[in-house]
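Participant: The structure follows.
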Amino acid sequence: MEYGFSTMGYEIAGGLGVKLARPDDDVVVMVGDGSYLMLNSEIVSSIMLGARLTIVVLDNAGYGCINRLQMETGGANFNNLLKDTQHVALPRIDFAAHARSLGAVARKVSSTGDLEAALKEAEGDAVTSVIVIDTDPLVTTDEGGHWWDVAVPEVSARSEVNVARENYEQARKQQRP
């Protein structure tokens, strides 16, 4: 799972590299739907190489993590969630069908319980598995929340930005040297 180094799109390729370096280990890759769209073709490479991965796709209909960061820094939803983009029609991407078209075993699940069962089931798959679960783009957990040092404007007419700047200054004081 990539998070802090903003290397979106690299997760599947990185997981494949880990699998090639440690062929006897099970490798599980967690990736958002936006990142999956950037570089999913390494699924084909994993199958071609016989390097089985388990890939969990968190489908939040856009770049939810970036959207939350945008809002945390005083911005408003803009152009990160598909529903917020300029569009004539929203894309209806079937990630499980797409993964199957690349040769993977694919499952769509609808709960964390189903996700746990699918992860266990995927251990027996002979080729790369892709498990897709819908997620809420605006909800996060304390367990997943790490602070990013993304500067916020010092001066703004928007109260949301001013509050975000105060929060930013407090968070900077908590950084380790």
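Participant: Somewhere in the range 71-85, is a residue surrounded by fewer than 18 Cβ atoms within 10 Å (Cβ to Cβ), of a type in the set (Ser, Thr, Tyr) and modelled with pLDDT under 85?
Facilitator: Taking every residue of the range 71-85 in turn, at least one turns out to be surrounded by fewer than 18 Cβ atoms within 10 Å (Cβ to Cβ), of a type in the set (Ser, Thr, Tyr) and modelled with pLDDT under 85.
Participant: Additional query: Determine which member of the set Ala117, Ala96, Ala126, Ala89 is outside any helix (DSSP H, G or I) and at pLDDT 95 or above. Give the derivation first.
Facilitator: On the way: Ala117 fails: outside any helix (DSSP H, G or I); Ala96 fails: outside any helix (DSSP H, G or I); Ala89 fails: at pLDDT 95 or above.
Going through Ala117, Ala96, Ala126, Ala89 in turn, just one is outside any helix (DSSP H, G or I) and at pLDDT 95 or above: Ala126.
Participant: Could you figure out which of (1) hydrophobic (A, V, I, L, M, F, W, C); (2) modelled with pLDDT under 95; (3) surrounded by fewer than 16 Cβ atoms within 10 Å (Cβ to Cβ); (4) touching a helix residue (DSSP H, G or I) at 6+ places or on another chain (Cβ under 8 Å) isn't true of Met30?
Facilitator: For Met30, the failing item is (3).
Participant: I'd like to verify a number: residues in the range 90-126 that are over 13 Å from Asp33 (Cβ atoms), out of contact with any strand residue (DSSP E or B) (no Cβ under 6 Å at 6 or more places or on another chain) and touching a residue at least 60 places away in the same chain (Cβ under 8 Å), how many?
Facilitator: Count: 5.
Participant: Return yes or no: is Gly103 on the phi > 0 side of the Ramachandran plot and modelled with pLDDT of 90 or more? Don't jump to the end; show me each part of the working.
Facilitator: Working: on the phi > 0 side of the Ramachandran plot: yes; modelled with pLDDT of 90 or more: yes.
Taking the combined requirement at face value, the residue satisfies it.
Participant: Right, here's the next one. Among the listed residues Thr7, Thr54, identify the single one that is within 16 Å of the chain's Cα centre (by Cα), modelled with pLDDT of 95 or more and among the hydroxyl-bearing types (Ser, Thr, Tyr). Please lay out each step first, then the result.
Facilitator: Values: Thr7 fails: modelled with pLDDT of 95 or more.
One residue alone meets the criteria, Thr54.
Participant: Would you check which residues across the range 99-114 are in a strand (DSSP E or B) and closer than 20 Å to Asp25 by Cα and list them? I'd like the intermediate steps shown before the answer.
Facilitator: Keep residues of the range 99-114 that are in a strand (DSSP E or B), which gives 105-109.
Hit for the range 99-114 is Val105, nothing else.
Participant: Condition first: in a loop (DSSP other than H, G, I, E, B) and either out of contact with any helix residue (DSSP H, G or I) (no Cβ under 7 Å at 6 or more places or on another chain) or closer than 12 Å to Ala104 by Cβ (or both). Now tell me which residues in the range 39-50 satisfy that.
Facilitator: Residues of the range 39-50 that are in a loop (DSSP other than H, G, I, E, B), as a first pass: 39-41, 50.
Scanning the range 39-50 gives Asn40, Ser41, Gly50.
The values are calculated or read from the model by the stated rules, or taken from the named source; none is laboratory data. Computed from a predicted model, the values in this text were never measured in an experiment. Methodologically, a virtual Cβ is constructed for each residue, glycine included, from the backbone with ideal geometry; neighbour enumeration extends over all protein chains shown.
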